[in-house]
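Report on one structure; see the data block that follows.
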């Protein structure tokens, strides 16, 4: 390796560094540079290209440490021959194929002079119509891209005069596909820095260029990096309101959700929607945009996208969108609640099932019995309750049943009581689900109009099961079952049926025994001791 470094400095490239340090003016330096002869300079640069043309990062690290970048940049600064510039930019790009630490160290030494020079050359090569100018453009772009991968350099790079102009030109200049890929990757790297997000977004023309790359570029990787840039820009709180009110941006995101072939890019775009929906003030705008086109895109993705990560993001976006102000619009969107219910039950990914259920339950919290979509919601909750993945459907039923205005419609809605009773008696149900389901039944029984309809074999089976719970975490639910039975028995016509129901009197008798022990111990109870009078009323009805 020592021989390699010596060879580097034995090349006549070194004359550029030595002579530059002796010159008192740019003109003197240029004259001296020219005096060496074009053949000798070309030979020196060719040798440098041969030395640097490898994929060994360790060797590139040594080359940068030895000052290769500084020598090449100084030589580049005094050259005006397009062929020399092309070769020097090629050598510089090769030298910067080093590790992050060495790349950053090289920038610290000469970046403040090198980057402005490269940006000027970039614009010149893009507009001058030079022979092989596209090669120079690509190599300059690659060099800047290597630098942009260093997270500590992103703030400085973003603020160099001409850098954002170069990024804007990614979709307006005549560039090769590979060069567009490299350039949009620079934009994505810079956008991932928190301190750059507002600056990049507010630069006129840059967002439009990124959007054009995102949905029009033929290279899948270019669209991915553009999608990543949009995602990062949307994550900045200061950008979200303005982005959510940009019709063109929302239209682009929706189109990409529906037609983009790359699963990675679809996920990035969906994350952008999810980010924008995080801000509460944006939710109405996103839900109502063009008659719910955002909701429709999310629904289609959730129901038919082949990638589980995309479906997960769609569910996450819907979860963020759900709030009191948007609940009715979301609930009224055709097929959306049904889709959430089906996905929460049947999706091949348990994670997607859980997230879809979370979105459904959050929407449910904002839908009232007075809304047209209330019946649709109950249907969806019944379906979602069948999921084997953890979800909070039972908690929603419990919360809904607390509201007196909901109780009659819930008790009479097909499937609700069956769902609650099935959970109560299921040995495989989670403890918290059984607790929620039983308490929901208790709340529904509080409605006098429900007493007759709820005095059924299924409900009584569930309440008897609940009255016999022994798990420590279900002792309060056990008490709720006894209270529910007591309230059912306030309807005189129910008592005979209840007294004859298998196991019911035994369950109530056990409750009487427990209450007697608690009473003797002086334990206070919020609702009073109900089991003994309940037992007496049932015995009298036999």
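Every number here is computed from the coordinates shown, using simple stated rules; none is lab data. It should be emphasised that the depicted structure is a prediction, and the values quoted were computed from it without experimental measurement. Note: ideal-geometry Cβ built from the backbone for every residue, glycine included; neighbour counts use all protein chains shown.
Couple of notes before you dig in:
- Sequence-separation-based contact order of segment 163-246, relative, with Cα cut under 8 Å and 6+ spacing, percent: 34
- The gain in end-to-end length when the residue 152 to residue 300 segment is fully stretched comes to 49.3 nm, 0.36 nm per residue minus the alpha carbon separation.
- Computed E for residue 449/residue 351 - FRET, C-beta separation, R0 51 angstrom, nearest 0.05: 0.80
- Spin-label pair residue 388-residue 39: with each label point 7 Å from Cα along the Cα-Cβ axis, the two points sit 8.1 nm from one another.
- Correct option for P(r) over Cα pairs in 20 Å bins from 0, in percent [calculated from the coordinates] among (i) 19, 32, 22, 16, 9, 2, 0; (ii) 19, 47, 29, 5; (iii) 22, 49, 25, 4, 0: (i)
- Taking a ≥ b ≥ c as the square roots of the Cα gyration tensor eigenvalues, segment 268-392 comes out oblate, since a/c reaches at least 1.5 and a/b does not exceed b/c.
- Among 470, 267, 408, the ranking by other beta carbons within 10 Å of each residue's beta carbon, starting with the fewest, stands as 470, 408, 267.
- Relative contact order for the chain, counting Cα pairs under 8 Å that sit 6 or more residues apart, in percent: 6
- Anisotropy class of segment 402-542 from Cα gyration tensor, a/c 1.5 cut: oblate
- Gyration tensor (alpha-carbon) shape descriptor, segment 357-468, a/c threshold 1.5: oblate
- With the simple spin-label model, which puts each label point 7 Å out from Cα in the Cβ direction, the residue 159 to residue 403 separation comes to 5.2 nm.
- You can think of it this way: the chain between residue 261 and residue 510 has 83.3 nm of extra reach, that is 0.36 nm per residue less the Cα-Cα gap.
- Using alpha carbons only: equivalent-ellipsoid semi-axes of segment 127-217, gyration tensor based, whole Å: 21, 15, 11
- The label point for residue 176 and the one for residue 212, both projected 7 Å from the Cα toward the Cβ, are 2.1 nm apart.
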